[in-house]
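The next block holds one structure in the form of structure tokens; read it before the comments.
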Amino acid sequence: MAEETSLKQIIQGMMFDSAELMQGTVIAVSPLKIQMVNDEKLIVNERITVVPRHLSDYTTTCSLAKGEKGSVYGPANDGSRLTDFTFSGSITVYNALKVGESVYVLSLNKGKLYYVLDRVVN
């Protein structure tokens, strides 16, 4: 039976020698501070850390329409269904990192820059 390989092992196998995949815990959000697991002295801050858009609160434009299947309920939340529904405009996605969350962090340039890849899903 083949031995299981973790996501961390797969990514580390594809990286350059100067890059390292780490796991950290968000200990503050404003300003951002991430403490690396197994090294409580290593805390990276927002000056040397890149956080991608999908891990922040952001506003984007979208278009929504009710298809043949599914239901869209009325704004009164009274259980009434809308027969025709379209929306085009902007929405705000609230997905910023929160204190206590675990994240995968890519250490680049021998620890001079860090890139937050994604949350760790338990």
Provide the net charge surrounding PRO52, with neighbours chosen by a C-beta distance below 12 Å and charges set as Lys +1, Arg +1, Asp -1, Glu -1. +1
Return the long-range amide H neighbours of LEU42 (sequence gap of 5 or more, or a different chain), with a cut-off of under 5 Å between placed amide H atoms. MET36
Ranked from the most accessible area to the least, with a 1.4 Å probe and all protein chains present, what is the order of THR61, THR25, THR92? THR61, THR92, THR25
With all protein chains modelled, accessible area of TYR115 [1.4 Å, Å²]: 80 Å²
³J(HN,Hα) computed for each position of the range 106-122 - Karplus, 6.51 cos²θ - 1.76 cosθ + 1.60, integer Hz, glycine/proline x: 9, 8, 10, 6, 6, x, 8, 8, 10, 10, 7, 7, 5, 6, 8, 9, 8
Does anything in the range 98-114 have its amide N under 19 Å from the 7 Å Cα→Cβ label point of ASP39, and if so which residues? 102-114
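Grab the other residues whose beta carbon is less than 10 angstrom from that of THR25, score K and R as +1, D and E as -1, and report the net.
Numbers: positive: LYS33; negative: GLU40, GLU101.
Surrounding charge for THR25 is -1.
The values are calculated or read from the model by the stated rules, or taken from the named source; none is laboratory data. Quick caveat: nothing in here was measured; it's all calculated off a predicted structure. Neighbour counts are summed over all protein chains in view; Cβ atoms, including those assigned to glycine, are modelled from backbone coordinates with ideal geometry. SASA here: full protein model, heavy atoms, side chains in, ligands and nucleic acids out. Shrake-Rupley method; radii C 1.70, N 1.55, O 1.52, S 1.80 Å.
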